[in-house]
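The values are calculated or read from the model by the stated rules, or taken from the named source; none is laboratory data. These numbers come from a predicted model, not from an experiment. Positions of Cβ are generated from backbone atoms using ideal geometry, with glycine treated the same way; all protein chains shown enter the neighbour counts. For the accessible areas, the whole protein counts, side chains as well, though only heavy atoms, and no ligand, DNA or RNA atoms are used. Shrake-Rupley method; radii C 1.70, N 1.55, O 1.52, S 1.80 Å.
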Amino acid sequence: MAWLTNASRTVYENPWISVREDDVTGPSGDGIYGVVTLRHPAVFVVAVDESDRICLITLDRYTIGRSIEVPAGGTDGEDPLVAARRELLEETGLQAEHWTAIGTMNALNGVTVAPEHVFLARGLSAAAEPPHDDEGIEDVAWVPFAEALQMVADGRITDGETVAALAYAGIHLGRFR
């Protein structure tokens, strides 16, 4: 059975998200479904250096506290590659010579419309300008790819998008065969 939307109303919005409540008929009958829509897609950057290390940032998230993640952020309406370049620069002070789109995903697709683009960045170098300090980033670390996967396995990395971005990178780089 396909879902049927009988009515829809916006209950909250700001510059980044909108929240709507839909009266629906679904597999279990009639009900209300809440949907969060991000205004712009997000980007995630798996930056890999010549020593096969992954760039990870540590920051304090309002919602969950300390989090270890790949550099990421919103597109703000930009082309995803342009946004990925900007986010890597802002969060790490790095630029990359080679960019590869390695996947797309949807965050929390049971309640959210949040498209995301994942990029592999290689040929890294320090940019002339330093990273912006408004991100709340506590640390930028270089971790061997295998250790990043171990960090997922042992629960040090819990950010779902980082887990998925590392999976895309591992598949692209042939690490899971």
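List of remarks:
- Pairing each residue of the range 1-15 that is farther than 20 Å from LEU38 by Cβ with any residue that is open to solvent by 90 Å² or more (accessible area, probe 1.4 Å), provided the two are 6+ apart or on different chains, yields C-beta distances under 6 Å for MET1/PRO27.
- Single residue of GLU91, GLU87, GLU116 found to be open to solvent by less than 30 Å² (accessible area, probe 1.4 Å), charged (D, E, K, R) and within 30 Å of TYR33 (Cβ to Cβ): GLU116
- Qualifying residue in the range 165-175 (condition: outside any helix (DSSP H, G or I) and under 26 Å from ASP60 (Cβ atoms)): no
- For the range 89-105, a residue qualifies if it is more than 14 Å from ALA128 (Cα to Cα) and among the aliphatic types (A, V, I, L, M), and the qualifying residues are ALA101, ILE102, MET105.
- Residue that is nearest to ARG86 (Cα to Cα) [pool: residues in the range 141-170 that are open to solvent by 60 Å² or more (accessible area, probe 1.4 Å) and out of contact with any Lys or Arg (no Cβ under 9 Å at 6 or more places or on another chain)]: TYR168
Residues checked against (1) within 21 Å of GLY73 (Cβ to Cβ); (2) within 15 Å of the chain's Cα centre (by Cα):
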site	(1), (2)
SER125	yes, no
PRO130	yes, no
ASP134	yes, no
GLU138	yes, no
ALA148	yes, no
GLY155	no, no
THR162	yes, yes
GLY174	no, no
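- Pick from the range 56-88, criterion polar (S, T, N, Q) and over 18 Å from GLU116 (Cα atoms), ranking: modelled with the lowest pLDDT: THR63
- Residue in the range 5-20 that is within 30 Å of ARG156 (Cα to Cα) and at pLDDT below 95 present: yes
- The C-beta contact set for the range 117-137 (first residue within 14 Å of THR92 (Cα to Cα), second residue of a type in the set (Gly, Ala, Ser) and open to solvent by 50 Å² or more (accessible area, probe 1.4 Å), distance under 6 angstrom, 6+ apart or interchain) is empty.
- Scanning the range 122-139 for residues that are buried (at least 17 other Cβ atoms within 10 Å of the Cβ) and at pLDDT 95 or above gives a single hit, LEU124.
- Unique residue being under 20 Å from the mean Cα position of the chain (by Cα) and surrounded by 16 or more Cβ atoms within 10 Å (Cβ to Cβ) when the list is VAL24, VAL43: VAL43
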